[in-house]
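K.L.:
A single structure is presented below for examination.
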Number of protein chains: 6
Amino acid sequence: MTEHDDRQARFERGMALLDEVSGGQGQGVMDSLADVSPELARQIVAWGFGEIYARPQLVPRDRQLVTIGILTALGGCEPQLRLHINTALNVGVEPVEIIEALLQSAGYCGFPRAINATNVAKEVFAERGLLPVEGTR
Amino acid sequence: MTEHDDRQARFERGMALLDEVSGGQGQGVMDSLADVSPELARQIVAWGFGEIYARPQLVPRDRQLVTIGILTALGGCEPQLRLHINTALNVGVEPVEIIEALLQSAGYCGFPRAINATNVAKEVFAERGLLPVEGTR
Amino acid sequence: MTEHDDRQARFERGMALLDEVSGGQGQGVMDSLADVSPELARQIVAWGFGEIYARPQLVPRDRQLVTIGILTALGGCEPQLRLHINTALNVGVEPVEIIEALLQSAGYCGFPRAINATNVAKEVFAERGLLPVEGTR
Amino acid sequence: MTEHDDRQARFERGMALLDEVSGGQGQGVMDSLADVSPELARQIVAWGFGEIYARPQLVPRDRQLVTIGILTALGGCEPQLRLHINTALNVGVEPVEIIEALLQSAGYCGFPRAINATNVAKEVFAERGLLPVEGTR
Amino acid sequence: MTEHDDRQARFERGMALLDEVSGGQGQGVMDSLADVSPELARQIVAWGFGEIYARPQLVPRDRQLVTIGILTALGGCEPQLRLHINTALNVGVEPVEIIEALLQSAGYCGFPRAINATNVAKEVFAERGLLPVEGTR
Amino acid sequence: MTEHDDRQARFERGMALLDEVSGGQGQGVMDSLADVSPELARQIVAWGFGEIYARPQLVPRDRQLVTIGILTALGGCEPQLRLHINTALNVGVEPVEIIEALLQSAGYCGFPRAINATNVAKEVFAERGLLPVEGTR
């Protein structure tokens, strides 16, 4: 990042990155908040993706694993989990790895949170023709 | 796992694995709960490590990233986070990657949880002579 | 509050206050719980509003800001958030202030909780013809 | 539990117990996760019920009271709460006791969580013809 | 409860009850908050105990089991958990039952919360000469 | 904010604002994370204060009320709550208003979280010679 990293540049970098990893969901994020909180949408893109996600210190695959852990533990974040499970698949996490991460989460935040997150994964996998998940046994 | 996977075998497999990834913390876990809840300690070892962690579907490195995400989001789990940051280092996660994962967590569970977890990482890194963290800039 | 502040008086004071700030939602709260937990409904009214909310030490506007912060952080409280965003509008909090409070919440409890709460605000504002929100840019 | 407590035996014991206390919901738990995470379903049954719930140190009635407290506090666990309120009724907790436990929860985790859990109880009681709840006044 | 259930009467009833179940901790609760939030202390006593806990619909033993479940799940409530584990012992919950409830909690809110709560129980039991806990095996 | 709002300018604006509202705590935030996660510290300042807090849509007083609500509900954020209670006092929130906000929080996130936050307020008030709090009765 250069020191002359202005607001518009950060936004554009974030949008390009969000589109790349999410398979083009960037505009949808902007549109859904456009008439209520455009700045929230802009910050998700410009800051969340343009400043943080864009940093090279952690590869996208690892960022998604951490994020899936956080969203599973928080609970009540099904829409965001849906986005990040899709993104995880896009950046190379295998379905069986996502499922195993959620199985492991049961020991750290309990079965209910693990089940809820697994049900979100099931919906995402169904949409992408990835059921039944191979290798979970 | 064979069908004749008895209670003692699961415990021993879990203890070997916990010792391996944590650098010999297994007995400490058992001892700390010995006079109050030996079964809780045994289940952490036999189930958490012997049954779940031992599964080959997710590599130890990835398990630690997910777990650090969960523990950061939960909050109030500093002793467990300490164990898992140590373990993450033991299985090959770089200090800069842990720090970056916690930076990313700020966007998903807020700065306070990210700061608290980073302070735990700071203590662990200090004990292991890993400060200042390289490559975080 | 007098010492002869009996159960019925507290309930009536709470109901009058709840109706005033919520635009007449008091009976709805009572009805929704009438056949399952009438005492829970009564306590929300008599204690939550009749005893706590009625205290003069904090103005209604400030109570709503604090409450919106709490409900956003908790997550999974969409019906209650809906009531309190409506109430906040009724006691003089501007839509742009609610939206800005939720933007700020992103830094303290993360984007997912902030987005979920903003979506509730969007629904409330839509019902009251307050979209698009002015001054959020 | 014998030392030759193999994987299949634990699963079968868990399934029998889950079916008994839940009124035959065991197969539904297995089926709902069959194509996405069969191991998660198996562990809920084999570990959660076969190893933990099966222990004689706490009677089923008490286990349900603790579990209802946990699920109410967590929030966002409505499907699991539904199962456990049903189970609580099956093992002898009276509707009025469940409602009173949820009223008490308001003081420890707040009214919103208490209301959400009470609404789940209302749905379960309605399905079982237990409304209006007797003795709650 | 009569309709002439005034503020002072509720407080006195709550204080008597809190003292009875906690072994005389009531004044300590009042004193600790006296110069910062006397009304918070008064409401804990008058409302939490005088109005809610005093209701006959749930026996003290059951109230403690639910409350221990809630406090374990919340996390970060060690002082309150300490009070309620003491109270649970006072109203007849056996140490082994408390420990078993916390073991069960692992499946619903994860091992870290279960361990933290078990460590609080260990401290309480140590102070009361109840270690090692009998019958936990 | 101009479009040419570069990284250094955002940081400086944030630091000036943080110092102003916190009474000069900015450098302490930077120093505490300097050798472990300088970017986390920089983002708290540059983004949290330089971009979000600096926006004119919500006055500092209101930002603090919302933030205190969030931190109370989260739990386990005592250091951050300490900073924000201090800041709230600095921007004109009266001690009695903070205490009343925390009393109100009891109804939304329960007494334990309210007590813990009130104890943090007590420490801050003690350091600033503000005990006993006037007007809380």
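K.L.:
May I ask you to list the residues in the range E:54-83 that are open to solvent by 20 Å² or more (accessible area, probe 1.4 Å) and within 7 Å of chain D (Cβ to nearest Cβ)?
P.N.:
Matches in the range E:54-83: E:Gln57, E:Leu74.
K.L.:
How many of the residues in the range F:116-137 are open to solvent by less than 10 Å² (accessible area, probe 1.4 Å) and within 22 Å of D:Thr72 (Cβ to Cβ)?
P.N.:
Going through the range F:116-137 one residue at a time, the tally reaches 1.
K.L.:
Looking only at the range D:54-70, decide whether some residue is among the small types (Gly, Ala, Ser) and closer than 30 Å to E:Arg55 by Cα.
P.N.:
Yes, the range D:54-70 contains at least one residue that is among the small types (Gly, Ala, Ser) and closer than 30 Å to E:Arg55 by Cα.
K.L.:
Are any residues in the range A:7-22 crowded, with 17+ Cβ neighbours inside 10 Å and over 15 Å from the mean Cα position of the chain (by Cα), and if so, which ones?
P.N.:
Of everything in the range A:7-22, those that are crowded, with 17+ Cβ neighbours inside 10 Å and over 15 Å from the mean Cα position of the chain (by Cα) turn out to be A:Arg7, A:Ala9, A:Arg10, A:Phe11, A:Arg13.
K.L.:
Only residues in the range F:123-137 that are over 11 Å from F:Pro95 (Cα atoms) count as the first member; pair them with residues that are surrounded by 12 or more Cβ atoms within 10 Å (Cβ to Cβ) and among the hydrophobic types (A, V, I, L, M, F, W, C), Cβ under 6 angstrom, at least 6 apart or cross-chain, and list the lot.
P.N.:
none
K.L.:
May I ask you to list the residues in the range C:54-78 that are assigned to a helix (DSSP H, G or I), in contact (Cβ under 8 Å) with a residue 12 or more places away in the chain and among the aliphatic types (A, V, I, L, M)?
P.N.:
Correct list: C:Leu65, C:Ile68, C:Leu71, C:Ala73.
K.L.:
Working carefully through the options C:Gly14, C:Gly50, C:Gly24, C:Gly28, find the one that is at positive phi, not aromatic (Phe, Trp, Tyr) and not assigned by TED's automatic domain parsing to the domain that holds C:Pro95.
P.N.:
That would be C:Gly24, the only listed residue that is at positive phi, not aromatic (Phe, Trp, Tyr) and not assigned by TED's automatic domain parsing to the domain that holds C:Pro95.
K.L.:
Something else about it: Go through the residues of the range A:98-115 one by one and say whether even a single one is open to solvent by less than 20 Å² (accessible area, probe 1.4 Å), on the phi > 0 side of the Ramachandran plot and out of contact with any His (no Cβ under 6 Å at 6 or more places or on another chain).
P.N.:
The answer is yes, given that some residue of the range A:98-115 is open to solvent by less than 20 Å² (accessible area, probe 1.4 Å), on the phi > 0 side of the Ramachandran plot and out of contact with any His (no Cβ under 6 Å at 6 or more places or on another chain).
K.L.:
Sticking with this one: For residues that are free of Cβ contacts under 8 Å to residues at least 60 places away in the same chain and outside any helix (DSSP H, G or I), scanning just the range B:84-116, find the one that is farthest from the other protein chains (Cβ to nearest Cβ).
P.N.:
Residue satisfying both the conditions and the ranking: B:Gly92.
K.L.:
Residues D:Glu123, D:Glu127, D:Glu97: which one is under 16 Å from D:Arg61 (Cβ atoms) and acidic (Asp, Glu)? Don't jump to the end; show me each part of the working.
P.N.:
Details: D:Glu123 fails: under 16 Å from D:Arg61 (Cβ atoms); D:Glu127 fails: under 16 Å from D:Arg61 (Cβ atoms).
Exactly one of D:Glu123, D:Glu127, D:Glu97 is under 16 Å from D:Arg61 (Cβ atoms) and acidic (Asp, Glu), namely D:Glu97.
K.L.:
Can you pull out every residue in the range D:23-53 that is modelled with pLDDT under 95, open to solvent by less than 50 Å² (accessible area, probe 1.4 Å) and not in a helix (DSSP H, G or I)?
P.N.:
D:Gly24
K.L.:
For the range D:117-132, which positions are more than 7 Å from every other protein chain (Cβ to nearest Cβ) and within 30 Å of F:Gln104 (Cα to Cα)?
P.N.:
D:Ala117, D:Asn119, D:Val120, D:Glu123 - these are the residues of the range D:117-132 that are more than 7 Å from every other protein chain (Cβ to nearest Cβ) and within 30 Å of F:Gln104 (Cα to Cα).
The values are calculated or read from the model by the stated rules, or taken from the named source; none is laboratory data. None of the values given here were measured: they were computed from a predicted structure. Every residue, glycine among them, receives a Cβ derived from its backbone with ideal geometry; neighbour counts consider all protein chains shown. Heavy atoms of the whole protein, side chains included, go into the accessibility calculation; ligands, DNA and RNA do not. Shrake-Rupley method; radii C 1.70, N 1.55, O 1.52, S 1.80 Å.
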